[in-house]
Amino acid sequence: MTGSDREAPQRSVDRPHPASRIAAKFAALKAEGRGALVTYLQGYDPDRETSLALLRGLPGAGADLIEVGVPFTDPMADGPAIQRAAQRALKVGATLEGVLGLVRDFRQGDDGTPIILMGYYNPILAYGVDRFCVDAAAAGVDGLIVVDVPPEEAGEIEPQARAAGLDLIRLVAPTTDDARLPRVLAATSGFVYYVSITGITGTRSATAASLEEAIPRIRKHTSLPIAIGFGIRTPQQAGEAARLADGAVVGTALVDTLAASLEEDGTARPETVGLVLDQVGALAAAVRGR
Amino acid sequence: MNKPLPNTYRQGPDSQGRFGQFGGRFVAETLMPLILEVEQAYEAAKRDPAFDAEWRRLLTHYVGRPSPLWFAERLTAHLGGAKVYFKRDELNHTGAHKINAVLGQILLAKRMGKTRIIAETGAGQHGVATATVCALFDLPCTVFMGATDVERQQPNVFRMKLLGAEVVPVTSGAATLKDAMNEALRYWVANVQDTYYCIGTVAGPHPYPVMVRDFQSVIGEEAKQQMQAAEGRLPDALVAAIGGGSNAMGLFYPFLDDSSVRMYGVEAAGHGVETEQHAASLTKGRPGVLHGNRTYLLQDAHGQITEAHSISAGLDYPGVGPEHSWLHELGRVQYVSATDDEALAAFQLCSKLEGIIPALEPAHALAHVIRMAPTLPKEEIILMNLCGRGDKDIFTVARHLGVEM
Ligand SMILES: Cc1ncc(COP(=O)(O)O)c(C=O)c1O
């Protein structure tokens, strides 16, 4: 049992899906000769309306792919900034269902920008794995990063995600050695998320030298695009990472800007959306080599 | 469930670390290689007679094992029913069962070449045990403890510091055991090269639940022999408190295939399982994934983990070890609960009748014994795990009794 009470989607309807938005986006950027800017914000941080305004503004500000964090009470792989973002979101009633609703609303005005949900397994289990994958795909989600489901537990969600046409993006860490790498990559689709530091989000940054060594090591084992995340804060770092790999993920730095813009009670101010999007613009300029 | 019952309850976990659907290895990729390394090292250590010999030497000469089996005669007479025996793990060095598994794990960490130890703690007993063994082996030790627990377990915080450990108060979430475990896992992710995470109960990702159970099983193995010597037979019922479930697994495991032995795990009912303020994961929770394993959890309809409550910091955890979830669904162990007030009453009764001040954790087990013994015939035997002593709790108890200290 997968923890879901719903029927599994029929494998026989595992029809070819339209080329995934993620693959299409990376292919288009490759043709343009540049890497991707991937942004991360928590859904519902600090409230639904602001969160939706941010989502809608991200592509125009220069985000190529969008990660939406799904709030969880116990984000084991995240540092204090994202923990607090989750607490703010939960306080205003964020749920997995609500985050799917956000994506649905976003999709009405944007059919091209890939959306990846990043979060932890328990809210998905509570929702029901089978139903979640179907509903996420229907809402316009393209890929999933389920932080605490490693390849060893892939059977939990991989068949349902595949049947629904969702990419399962896996984390590769500096601790993932050459013996283990093929196994992790075999379980990955969409792109590879290279966690550039051994650590949690928002704590430190990788050195350019360590990335220059790590990315070719992964390339030897996969033809999927590679995005670098955890610890990328500045436009310069984002530009370097996007050139070295195929994309740079910026999360905590944006969450920090958002948090700093809030009222003391954690509610949004009129300038919140603009401040975050300005920062995205600066990151995007660096990624585009401007 | 229409699955056939297993012909042994002692086979688990499988190679994926599963007890039925429970357990597993739900950790981020950064930790995964490390978890696999711990598993390999543990498998090798288990087959090494020298490892076992060293662990047992320490248990005998440092911890003071075997712990006695005590016939609680005055309590038995008071309750007027079944005979009550205590397995006295509160007499261990450091005052609780925790040190059994800490010694095993620190020996493992040394084998693995790890040079730093981290631990989470609730009541502080596991933190004290870890700090103690780290002092003995000259290893730097960092203990993560919820800020709320730092407040209510001051004596243990001071003990850990005396022993040379660094105590890190954790302020995230409700600042109790769950949050301490999150923080320890976060620290571990960032310090994987040199650090070993010494988990204090039968929870966490595989292999921790099986490893801690194996080490704690020394409790049940001794008790089985001691009961044979004292009564020439097996006990009829085992009773143990359930936080994460390590003292209970340690007592139960060697008896699981003895079908005449009934087993009761006692969860903390806090203000009552009908309120929101309890820590009864098996009684009131449902399966989910937290801290690396699938198990029963206190959670809301959306899969957000809810806060546990118990007067006992050691039971104040919204989850439970996966093997307990499995035994619960199979019906091999009965999971019941005791409230804060029942535990407080048991705490006082035990002190007055037996001259033993129990920890608040086993006081929950005793509360169930107090309910159960009078309903059973005098020939029956109840064996309870008195897994910790109450010195650490006297301030909490005094406060609840309205006594100024
Ligand atoms: C004396 C004592 N008993 C029980 C527990 C609960 O843990 P477990 O259920 O793993 O035995 C603790 C935890 O701190 C403890 O100190």
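The values are calculated or read from the model by the stated rules, or taken from the named source; none is laboratory data. Because the structure is a prediction, the values reported are computed rather than measured. FYI the Cβ positions are ideal-geometry reconstructions off the backbone, even for glycines, and counts take in every protein chain you see. Please note that ligands, DNA and RNA were not included when accessible areas were found on the heavy atoms of the full protein model with its side chains. Shrake-Rupley method; radii C 1.70, N 1.55, O 1.52, S 1.80 Å.
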- In debye to the nearest 20, how big a dipole does the stretch A:25-284 give about its Cα centre with +1 on each Lys and Arg Cβ and -1 on each Asp and Glu Cβ? 540 debye
- For the stretch B:321-369, treating each Cα as an identical point scatterer without solvent, what Debye log10 I(q)/I(0) comes out at q = 0.15, 0.17, 0.20 1/Å? -0.47, -0.56, -0.67
- Query: What are the residues whose amide H is under 5 Å from the amide H of A:Met118, where those residues sit 5 or more places off or on another chain and H is modelled from the backbone?
  - Reply: A:Val68, A:Gly69, A:Val70, A:Ile145
- Per the helix-only calculation at 222 nm, which mean residue ellipticity applies to the protein assembly as shown, given -39500 (n - 2.57) for every DSSP H run of n ≥ 4 and division by its residues, nearest 500 deg cm²/dmol? -12500 deg cm²/dmol
- Over all directions, average the projected area of the Cα convex hull of the stretch B:176-245 and note it in nm². 6.2 nm²
- Query: In what sequence, largest accessible area first, do B:His206, B:His61 appear using a 1.4 Å probe?
  - Reply: B:His61, B:His206
- Part-to-part distance (alpha-carbon centres) for the stretch B:94-112 and the stretch B:10-43, which is given in Å: 19 Å
- Of the candidates A:Leu277, A:Val250, A:Thr198, the farthest towards the positive dipole end of the protein assembly as shown (Lys/Arg Cβ +1, Asp/Glu Cβ -1, centred on the Cα centre) is A:Thr198
- If you plug each phi of the stretch A:199-205 into the Karplus form 6.51 cos²θ - 1.76 cosθ + 1.60 with θ = phi - 60°, what whole-Hz ³J(HN,Hα) values come out, in order, with x for Gly and Pro? x, 8, 5, x, 10, 8, 10
- Given charges of +1 on the Cβ of Lys and Arg and -1 on the Cβ of Asp and Glu, with all other atoms neutral, how large is the dipole of the stretch B:14-151 about its Cα centre, in debye to the nearest 20? 440 debye
- Item | Surface/4 of the Cα convex hull for chain A, nm² | 14.1 nm²
- The rounded separation in angstrom of the Cα centers of the stretch B:143-175 and the stretch A:18-85 is 37 Å
- Query: How much space per residue, in cubic angstrom, does the convex hull of the C-alpha atoms of chain B take up?
  - Reply: 136 Å³
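Sort B:Trp55, B:Trp70 from largest to smallest accessible area, using a 1.4 Å probe on the heavy atoms of the protein chains.
Ranking B:Trp55, B:Trp70 by accessible area, largest first, yields B:Trp70, B:Trp55.
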- Among B:Gly146, B:Gly232, B:Gly388, whose mean-square fluctuation peaks in a Gaussian network model of chain B (Cα, cutoff 10 Å)? B:Gly232
- Message: Nothing charged except the Cβ atoms of Lys and Arg (+1) and of Asp and Glu (-1): what's the magnitude of the dipole of the protein assembly as shown about its Cα centre? Round to the nearest 20 debye.
- Response: 1120 debye
- Using the Cβ atoms and a cut-off under 13 Å, what net charge is assigned to the surroundings of A:Val149, where Lys and Arg are +1 and Asp and Glu are -1? -3
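Going by average Cβ neighbours within 10 Å, how do the peptides A:42-48, B:395-401 rank, with the highest at the top? Working shown, then result.
Numbers: A:42-48: 25.7, B:395-401: 15.1.
Per-residue Cβ counts within 10 Å, averaged per peptide and sorted highest first, yield A:42-48, B:395-401.
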- Rounded to the nearest Å, the spacing of the alpha-carbon centers of the stretch B:194-222 and the stretch B:303-350 is 18 Å
- Positive-end residue of B:Gly122, A:Leu58, B:Leu34, charge dipole of the protein assembly as shown with Cβ unit charges: B:Leu34
- Using a 1.4 angstrom probe and counting only protein chains, how large is the accessible area of A:Phe230 in Å², to 10? 20 Å²
- Task: Report the convex hull volume per residue for the stretch B:97-173, counting only C-alpha atoms, in Å³.
- Result: 80 Å³
- Binned Cα-Cα distance frequencies in the protein assembly as shown - 10 Å width, integer %: 3, 15, 25, 24, 17, 10, 4, 1, 0
- Taking Lys and Arg as +1 and Asp and Glu as -1, residues besides A:Val276 with C-beta under 11 Å from its C-beta add up to -4
- Compute the signed sum of charges (Lys and Arg +1, Asp and Glu -1) over the other residues within less than 15 Å, Cβ to Cβ, of B:Arg371. -3
